[in-house]
1. Fully extended, how many nm does the chain gain between H235 and T442 (0.36 nm per residue separation, minus their Cα-Cα distance)?
2. Which entries in the list K133/K172; K229/K351; K329/K416 go over 26 Å, if you measure between the two C-alpha atoms of each?
3. Over 23 Å, how big is the tail of the calculated P(r) for segment 54-208, in percent of all Cα pairs?
4. How big is segment 412-570 by Rg and Dmax over its Cα atoms, in Å?
5. Let me have the 222 nm mean residue ellipticity of the chain computed from DSSP H runs of 4+ only, each contributing -39500 (n - 2.57), with the sum over all residues rounded to the nearest 500.
6. Over segment 236-352, what relative contact order in percent results from Cα pairs under 8 Å that are six or more residues apart?
7. With N denoting the number of residues in segment 428-503, provide Rg(C-alpha) divided by 2.2 N^0.38 Å, to two decimal places.
8. Kirkwood Rh and Cα-based Rg: tell me the resulting Rg over Rh for segment 477-570, rounded to two decimals.
Amino acid sequence: MLIKDVYPVLAQFRSGQPVDIAVELHNEANEAKTWRLEIKVCWLNRTVERVVQEVVMSAGEERKMTVPLSPQTAEFNGYGVDVFLAEGEERRWTASTAFDVVSDWRKSTRYGFLSDFYTSELGDGEDVLWMNKLHLNLVQFYDWMYKHDDLVCEQSEYTDLMGRTLNLDVVKEKVALCHGFGMKAIAYGAIYAASKPFFERHRDWALYQSDGKEYDFIQIFTIMNIEEKSPWRDHIIGEYRRTIEEVDFDGIHLDTYGFPKTGISKLDGPDSERVVRLEEHFPSFIDETRSELVKVKNDIGLIFNNVGNWPVDTVAPAGQDAIYIEVWKPYERYHHIQQILRWAQHYGEGKPVILAAYLQPFRLDTPVRAQYSALLMTAVIASHGGYHLLLGENGGVLTQAYYVDYTQTEPDFLRKIRDYYDFNIRYANLLYHDSLRDVSMTHVDGDNLEYVFENVDYSTYGEPGKVWTIVRENADVKTISFINLTNNEEDLWNEGKNKPHPAADIHVKVLLEREVEAVYLMSPDRNMGRPEPVEYKITDSLRGKTLEATLPALDVWNLLAIELKQKVDS
């Protein structure tokens, strides 16, 4: 008997919604077998539910069963699910997964992508099922449209501006499949790209360079003027509305190209040129898009692309549901990822932050070095409370900005990265809660004795060849991520990485302000991400009570949690 797979039936559950877990089994024996299936549901290090049932299977039988769990009520909680298959008193096989429960999907936005909408895709739902297993609750439909200025074609089959022959029935089928898994289907829609024929018919709607020429993009598109008085704005927002009405999308991915940042408007004629600064007009464009689309569907999702981290400060307060940043040079080192996330979280005031950080090692380096680049990047982004757009279509990985050219990956990597995504959901409360503050640069090293690390060469800002310590805390919990950057001589996030050297016996000292409730360690690299209790002692130091503990082996990423006892009001 084998547990072939286990996963939640939805990418995300709403508070109070029934929770079902899919369990796939295979009786490899040549005779019928009776087994005991045990399921344990955990929140952090606490067991919140146990389910036990008998399973009888004939010889060679394969079965997919759905096990109902109790609904959970929460604003924002992640749960682990540990599954055991026992014969008598002996647990013979085990597997794990995770799920989260939220009051609103905007509490946690995990972004995936689809880009293959060919007629041959009709009836194929494996791509969406794969994203469900990764708990991706938002799916960007990349380059699904007929033209950038005429999104929905009147015919089922059509050729897009990049020369691909696509099928609108496939697009609609994929949208329905996403809805079946509780995912939001988000339609790609560039905010200012028009085909050349459209531009020729509306030359005054375009943006112009200082030399009088129109802005051209890859010799296929012309950049149009999105300011408030431009007819282009009304036109493209009308196209967005049509996609919601006719294809049943749940929102729009408002794409930009990072340029132009300024342009010349000729709306009032060639003799009345004006400079348009786009960062001043993006916020009202986002807000106007939302105002129009909610007339069609109440629960609209909007994602705006801040290319190269521009202009996050002006658009973050606008009516979008997450802060989305496409990462390019000069943001090339690990500590730049830290900077981007802090910047976005500051301006976003609680909105989740998604980084589109494409990993070229999957295209240019060996499979092993590509894998470690992805595992390390996943750990870095999640440890700082961010989400990563990387995975989607057909088990593919994004290595460049044109998603159609995604790269296929090795089965071993798909299993490993899925373990990391399970881990991120299981411990969502320790990674993504918006009350957590990053104190790595103010509470560690130098004269800062709040957190002391011994027997390890560490860095608080991601130096190569060291263990990166990321310290985040709130009033009730202290968390420390240990990310292993050893055996690598550079800290460029978009380069292949060697397998880190294991680190062991890291000694931790943490200054306390309250008594300790629990201390436990987790890693996606071992024990299926399940929490392990940590032995510790409390000592007296010059600055007060101090927790001391020595941690077991570090492969790529360990997460230590120190929970403090709740303060009792007198």
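Read the figures in this text as sums done on the coordinates, not as results from a lab. Note that the structure is predicted; figures quoted are calculated from it, not measured. Quick reminder, even Gly has a Cβ in these numbers, built from the backbone with ideal geometry, and neighbours come from all protein chains shown.
1. Numbers: separation 207, 0.36 × 207 = 74.52 nm, distance 4.97 nm.
Stretched fully, the H235-T442 segment lengthens by 69.5 nm.
2. On the way: K133/K172 21 Å; K229/K351 29 Å; K329/K416 28 Å.
Exceeds cut-off: K229/K351; K329/K416.
3. On the way: 6765 of 11935 pairs.
Beyond 23 Å sits 57 percent of the P(r) for segment 54-208.
4. 15.9, 56
5. Numbers: 12 runs with 124 residues, N = 570.
Here the helix-only value at 222 nm equals -6500 deg cm²/dmol.
6. On the way: 153 pairs, mean separation 28.2, N = 117.
In percent, rounded to a whole number, it is 24.
7. On the way: Rg = 13.5 Å, N = 76, 2.2 N^0.38 = 11.4 Å.
Its radius of gyration relative to the 2.2 N^0.38 Å reference: 1.18.
8. On the way: Rg = 15.9 Å, Rh = 15.0 Å.
Taking Rh as the inverse mean 1/r over Cα pairs, Rg/Rh reads 1.06.
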